[in-house]
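Chemist: Below are the structure tokens for one structure; questions will follow.
Rule-based calculations on the coordinates, nothing more; no lab input. All values derive from a computational prediction rather than experimental measurement. Here the Cβ positions follow ideal geometry from the backbone for every residue, glycine too, while neighbour counts run over all protein chains shown.
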Amino acid sequence: MAERLSARAALALVTDDFTELPYPAGDSGPDGPLGWDGYDAARARAAERTGESESVVCGTGSVDGTRAVLVSFEFGFLGGSLGERTGDRLEAAHTHAREHRLPVAVLVATGGSRMQEGMLALTQLQRVARQSALTREAGLPQIAVLRDPTTGGGWATLGAGADVVLALPGAQVGFAGSRVRPADADPAAYTAEAQVAAGAADAVVPAGELRAVLGRWLRLLTRPSREPAPVPEPLGARDLPASGRDAVRRARAPERPRAGAYLDAYFSERAAISGDRCGGTDPGMLCGFGERDGRTIAYAAQAGTATRPAGYRTAARLLRLADRLGIPVLTLVDTPGAANDAEAERQGAGAAIADLFGAVAAARTPVTSLLIGEGGSGGALALAAPGRTWATPDSYFSVIAPELAAAILKRPPERVAETADQLRLRPQDLVELGVIRTGDQMFPGTGDRHP
């Protein structure tokens, strides 16, 4: 079991200059709004034991150089449960964040809504959701850090609803708390590690690294810029392919530079998001935010494998977050196509691809795309920005793979090369067709790298 930190101990992990906010006054009368016998006494014992007067502590502090509104739950105060006064504090924290244009980081440790306040406690989830939505509309990032335990409505609003979700190792995380889940439930499914594997959280971060990681995220997400992302330098071949077959061969070559190499060369540092928040992850779609020349640029990069539905949904999630925060996006296109197995269909491949097409089409922030390898049909096109896509010399883009085109046309295998030429899939063909843009990414020394 993970260590259960107090609210103040959790804050000490991430900041040295925490300043508490003033809290709204309020009292529901003797033993709370329901007149629950012994509720006042329980709160008094919790206050004496923890030194806190409620289940959350709210304030501001610098996290590795970036100022933020910080909210930390005190699990020792009635299980970190949410009641009316908790809602008052959370609303005040979000209001302060919007008024002062600060990001919000919530260090969550809660068992859910407070039973002694009944439905009035449960409706605080709606209140919290409303405040989070207003902060989101204001273009301010929200980051959750899941501590032990994070369950119930606190997980389903403050935790899972954040833009980026980090978690401490071994933390119990799940909608169902340990006392209410089925007796035969696998406890391993209710952990931070399981939530990352299921795409519901982005990363597990050791306590000793939390300040640096949280600080990096806060820094990256609070630097809006409407300048487009520069197009990366090609890392592979510089000469253009002689034929369609040659273009396909070079794009499929195992030694060709892949997305990881491009991202390493492009960014001085980067932080990854993971998962589609629908139960899936795809290691073949790399998404996150990175720093280049003091600017933040978001990225979504295919890693050369068939892209799965979770990959498309994760990329759409990245596009929408970057768009809301005013951060430019770089996409790297490289896939033989969308995964087309039965499981991909059951996971909603068509809907996931459509969602990404929509996210790219609706983006107000500039999106820059570079084809770095295979461009296999709509599964690749979904990640490409219309009118703002470039290509490296060792790439191709095609309506369909030449082998499949030949098969559909009932041509023998020896006519695949001819079919590849007819498809006009080479980079120079794509320029002539107006599908991609030209510049020194394809022809070194002849163009402006800042489109």
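Chemist: In debye, nearest 20, what is the charge dipole magnitude of region 1-133 about its Cα centre with +1 on Lys and Arg Cβ and -1 on Asp and Glu Cβ, if you could check?
Modeler: 340 debye
Chemist: Here's a follow-up. Roughly speaking, what is the centre-to-centre gap between region 208-250 and region 6-70 when only Cα atoms are used, to the nearest Å?
Modeler: So the two Cα centres are separated by 42 Å.
Chemist: Okay, next question. To the nearest 20 debye, what is the magnitude of the charge dipole of region 7-221 about its Cα centre, counting +1 on the Cβ of each Lys and Arg and -1 on the Cβ of each Asp and Glu?
Modeler: For region 7-221, the charge dipole is close to 360 debye.
Chemist: From Cα pairs below 8 angstrom and at least 6 apart in sequence, can you work out the relative contact order of region 1-133, rounded to a whole percent?
Modeler: Here the relative contact order equals 26 percent.
Chemist: How high is the relative contact order of region 244-433, in percent, with contacts defined as C-alpha pairs under 8 Å that are six or more residues apart?
Modeler: Computed value for region 244-433: 21 percent relative contact order.
Chemist: Taking the Cα centre of the chain as the origin and placing charges on Cβ (Lys, Arg +1; Asp, Glu -1), which of L423, P283, P393 is farthest toward the positive end of the dipole?
Modeler: Going by the charge dipole, the pick is L423.
Chemist: Something else now. Provide the FRET efficiency to the nearest 0.05 for the R346-Q422 pair, computing r from the beta carbons and using R0 = 35 Å.
Modeler: It comes to 0.50.
Chemist: Below 8 Å, C-alpha to C-alpha, sequence gap of six or more: please give me the relative contact order for the chain in percent.
Modeler: Contact order relative to length: 12 percent.
Chemist: Sticking with this structure for a sec: About the Cα centre, and with charges only on the beta carbon of Lys, Arg (+1) and Asp, Glu (-1), how big is the dipole of the chain? Nearest 20 debye, please.
Modeler: Dipole about the Cα centre, nearest 20: 760 debye.
Chemist: With θ taken as phi - 60° and the coefficients 6.51, -1.76 and 1.60, list the Karplus ³J(HN,Hα) couplings across region 308-319 in order, rounded to whole Hz; mark glycine and proline as x.
Modeler: Those phi angles translate into 8, x, 4, x, 5, 5, 5, 5, 5, 4, 4, 4 Hz.
Chemist: Select one label from [x] 1.08; [y] 0.96; [z] 1.12: the one whose number is Cα Rg over 2.2 N^0.38 Å as derived from the coordinates shown.
Modeler: Answer label, from the structure shown: [z].
Chemist: Grab the other residues whose beta carbon is less than 12 angstrom from that of V248, score K and R as +1, D and E as -1, and report the net.
Modeler: Net of charged neighbours comes to +1.
Chemist: With a 10 Å radius around each residue's Cβ, average the other Cβ atoms per peptide and rank 324-330, 162-168, highest first.
Modeler: The most tightly packed comes first, giving 162-168, 324-330.
Chemist: Could you work out how far the C-alpha centroid of region 378-395 sits from that of region 255-324, in angstrom?
Modeler: 15 Å
Chemist: Set Lys and Arg Cβ to +1 and Asp and Glu Cβ to -1, take the dipole of the chain about its Cα centre, and tell me which of A97, P309, A229 lies farthest positive.
Modeler: Ranked along the dipole, the leading option is A229.
Chemist: When a/c reaches 1.5 or more, the comparison of a/b and b/c decides; with that in mind, is region 7-221 rounded, prolate or oblate per its Cα gyration tensor?
Modeler: oblate
Chemist: What nm distance separates the two modelled labels at A237 and A133, each placed 7 Å from Cα along Cα→Cβ?
Modeler: 5.3 nm
Chemist: Within region 274-370, which chymotrypsin sites (Phe, Trp or Tyr not before Pro) sit in a loop by DSSP and count at most 16 neighbouring Cβ atoms inside 10 Å?
Modeler: none
Chemist: Now a separate question. Restricting attention to region 154-256, which GluC sites (Glu not before Pro) occupy a DSSP loop and are surrounded by at most 11 other Cβ atoms within 10 Å?
Modeler: Of the GluC sites (Glu not before Pro), the ones in loops of region 154-256 whose Cβ has at most 11 other Cβ atoms within 10 Å are E255.
Chemist: Calculated FRET efficiency, C278 and R49, Cβ-Cβ r, R0 35 Å, to nearest 0.05?
Modeler: Given R0 = 35 Å and the Cβ-Cβ separation, E is 0.30.
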